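Novice: Structure incoming, see below.
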2 protein chains.
Amino acid sequence: MSETGTTPAPSLRERRRHQTESDICHVALELFEQHGVAATTVEQIAEAAGVSARTVFRYFPHKEDAALVPHRDIEATVTSRLAGLDGGAPLLPQLEQMWEEILTGFDNGTSEAGHQMLRVWSLICREPTLLAASLRAEAQRMEHAVTAVRQALGADADDLRPRLAAESLATLGRVTIETWAAKRDAGQEADLLETFQQARDAMHRLTR
Amino acid sequence: MSETGTTPAPSLRERRRHQTESDICHVALELFEQHGVAATTVEQIAEAAGVSARTVFRYFPHKEDAALVPHRDIEATVTSRLAGLDGGAPLLPQLEQMWEEILTGFDNGTSEAGHQMLRVWSLICREPTLLAASLRAEAQRMEHAVTAVRQALGADADDLRPRLAAESLATLGRVTIETWAAKRDAGQEADLLETFQQARDAMHRLTR
DNA sequence: GCTATTCTGTCACTGACTGACAACTCGGCA
DNA sequence: TGCCGAGTTGTCAGTCAGTGACAGAATAGC
């Protein structure tokens, strides 16, 4: 995570901050699941998290964002991976490999991160406002991703490949997780990695 | 446009409704361009359009949607085209062809529809809230598109291809128009069809 | 003409989100 | 240890998007 490799001993402030954010995220997701996004007020989230409503908005620009922390955490992983892309090798396989590793970390919903992601996406499938919020957040992060891919490729600003690659892969990941979450939510069997491979192969088959 | 070929004589009510919607859309775009989306209130849009604020919300669920009518109009075209897909032939070329025809209709920003689209996208490039709104609207329409493609293909609900195809093509179109609008906005030369072909070829090159 | 339907404006209301300010807490330094 | 600058928080007042209810006006069909 850090550039030096050694974590530089988080200060008390940083720990408090992280704890508060985690608290808000946790209660927000809980309340959204119980009562729906629209029926949950920021006031309720704040009270449950033991902070003021103003503080919630200091951590998250929109109330929906409070439930989307797992998405933001993926972003950190993606960013670090993108920096290590090999500009000489084919791009797509590398990005697909990146996704496969990220999804492997979810352990089909068993790991902590995977379980969170499953909860959030089950919610997104039922709540259009959450889907909208996640797309908005994704669009913001996309700029960073495109820049990273462009640099790795040594491409100029006119080259459309970095953007198309980043957007396509984001779509692939989104469709994968969404499909997986929807099936699991409906009580069906679904393996995350398998779903990803199906999606990836379907994408390949389309372009031939 | 119509299924029968003869337009079924719009009633006075329909004409009024269409006129009101058009008025709101027009003044909203104008005001957004002049003062920005955030600085434009629904009250101002309503006053400029000669209606009440309540009426604006009756036509558009969110104020940003008032500027996105061109997007919704594309939807109508896309829907009718999707119904005519040939399930036996390769899917992607047909969808690419569809886009090419739609973009041809824009006449590189010269036609009325093309000019409107250019204005809206220039705005979207500058206004993150508008981008968010357009993505939200696109996500809603996506469901219809996926269903249409699935039926044309005769695929079942488990087949990921309809969704991936629809999403990929939407991305392709979005990147194309966005790139084109951004360049034109920056005073550079840019041909819409040429941009599309570049994007399409870049996409093909990625997947090899 | 009359009536049912649709459209609109007005009003009252909730709740997301923002800016300003004061109080408090933490980190570093003498 | 005490002090100071920076970061964090709560409170308060305010703007404005968006919604539901209701009454009145306009239109469609007869």
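Novice: Calculate how steeply helix A:91-106 sits against the longest principal axis of the alpha-carbon atoms of chain A, using the helix alpha-carbon long axis, and give the answer as 0 to 90 degrees to the nearest 10.
Specialist: The answer is roughly 30 degrees.
Novice: So what is the calculated 222 nm ellipticity per residue for chain B, using -39500 (n - 2.57) for each DSSP H run with n of 4 or more, over all residues, to the nearest 500 deg cm²/dmol?
Specialist: Working: 9 runs with 151 residues, N = 208.
Calculated from helices alone, the mean residue ellipticity at 222 nm is -24500 deg cm²/dmol.
Novice: Taking the Cα centre of the stretch B:12-66 as the origin and placing charges on Cβ (Lys, Arg +1; Asp, Glu -1), which of B:GLY36, B:GLY50, B:LEU12 is farthest toward the positive end of the dipole?
Specialist: B:LEU12
Novice: To the nearest 0.05, what FRET efficiency results for A:ASP86 and B:ALA38 with a Förster distance of 30 Å applied to their C-beta separation? Don't skip to the answer; put the middle values down first.
Specialist: Working: r = 42 Å, r/R0 = 1.40.
Calculated value: 0.10.
Novice: At B:GLU112 and A:CYS125, where each label point lies 7 Å from the Cα along Cα→Cβ, what is the point-to-point distance in nanometres?
Specialist: With each label placed 7 Å out from Cα toward Cβ, I get 4.4 nm.
Novice: State the three equivalent ellipsoid semi-axes of the stretch B:72-206, derived from the C-alpha gyration tensor as the square roots of 5 times its eigenvalues, in descending order and whole Å.
Specialist: Rounded to whole Å, the semi-axes are 26, 16, 14.
Novice: Further question: Testing the spin-label approximation: label points 7 Å from Cα along Cα→Cβ at A:THR104 and B:ASP191. State their distance in nm.
Specialist: If labels sit at A:THR104 and B:ASP191, their model points lie 4.6 nm apart.
Novice: So what is Rg over Rh here for the protein assembly as shown, counting just Cα atoms and using Kirkwood for Rh?
Specialist: 0.97
Novice: Arrange A:CYS25, A:CYS125 by Cβ neighbour counts within 10 Å, fewest through most, would you?
Specialist: If I rank by nearby Cβ atoms, fewest first, I get A:CYS125, A:CYS25.
Novice: If you don't mind, there's one more thing I want to ask. Roughly how big is the stretch B:95-208's charge dipole about its Cα centre, with Cβ charges of +1 (Lys, Arg) and -1 (Asp, Glu), in debye to the nearest 20?
Specialist: The dipole magnitude comes to about 300 debye.
Novice: First measure r as the distance between the Cβ atoms of B:GLN19 and B:ARG208, then evaluate 1/(1 + (r/R0)^6) with R0 = 45 Å and state the FRET efficiency to the nearest 0.05. Show your work: numbers first, answer last.
Specialist: Numbers: r = 50 Å, r/R0 = 1.12.
For R0 = 45 Å, the calculated efficiency reads 0.35.
Novice: Follow-up. To the nearest 20 Debye, how big is the dipole of the protein assembly as shown about its Cα centre, given +1 on the beta carbon of each Lys and Arg and -1 on that of each Asp and Glu? Before the final figure, lay out each step's value.
Specialist: Working: 44 positive and 62 negative charges, 106 e Å.
Roughly 500 debye for the protein assembly as shown.
Novice: Taking Cα atoms, how many degrees apart are the long axis of helix A:69-83 and the longest axis of chain A, rounded to 10 and kept between 0 and 90?
Specialist: For helix A:69-83, the angle is close to 30 degrees.
Novice: Can you tell me which of B:GLN197, B:GLN19, B:GLN151 moves the most in a GNM of chain B? Springs connect C-alpha atoms under 10 Å apart.
Specialist: For chain B, modelled as a Gaussian network with Cα springs under 10 Å, the answer is B:GLN19.
Novice: Under a 10 Å cutoff between Cα atoms, tell me which one of A:LEU160, A:LEU12, A:LEU131 has the largest fluctuation in the Gaussian network model of chain A.
Specialist: Of the options given, A:LEU12 has the highest mean-square fluctuation.
Novice: Arrange the following residues from fewest to most other Cβ atoms within 10 Å of their Cβ: A:GLU33, B:GLU189, B:GLU14.
Specialist: B:GLU189, B:GLU14, A:GLU33
Novice: If you don't mind, there's one more thing I want to ask. Return one number: the angle in degrees, 0 to 90 and rounded to the nearest 10, between the long axis of the Cα atoms of helix A:12-35 and the longest principal axis of the Cα atoms of chain A.
Specialist: The helix A:12-35 is inclined about 90 degrees to chain A.
Novice: Let me ask something else about it. What spacing in nm lies between the two simple spin-label points modelled at B:ASP158 and A:GLU75, each 7 Å away from Cα in the Cβ direction?
Specialist: In this crude spin-label approximation the distance works out to 3.6 nm.
Every number here is computed from the coordinates shown, using simple stated rules; none is lab data. Bear in mind the structure is a predicted one, so any value in this text is a computation, not a measurement. Positions of Cβ are generated from backbone atoms using ideal geometry, with glycine treated the same way; all protein chains shown enter the neighbour counts.
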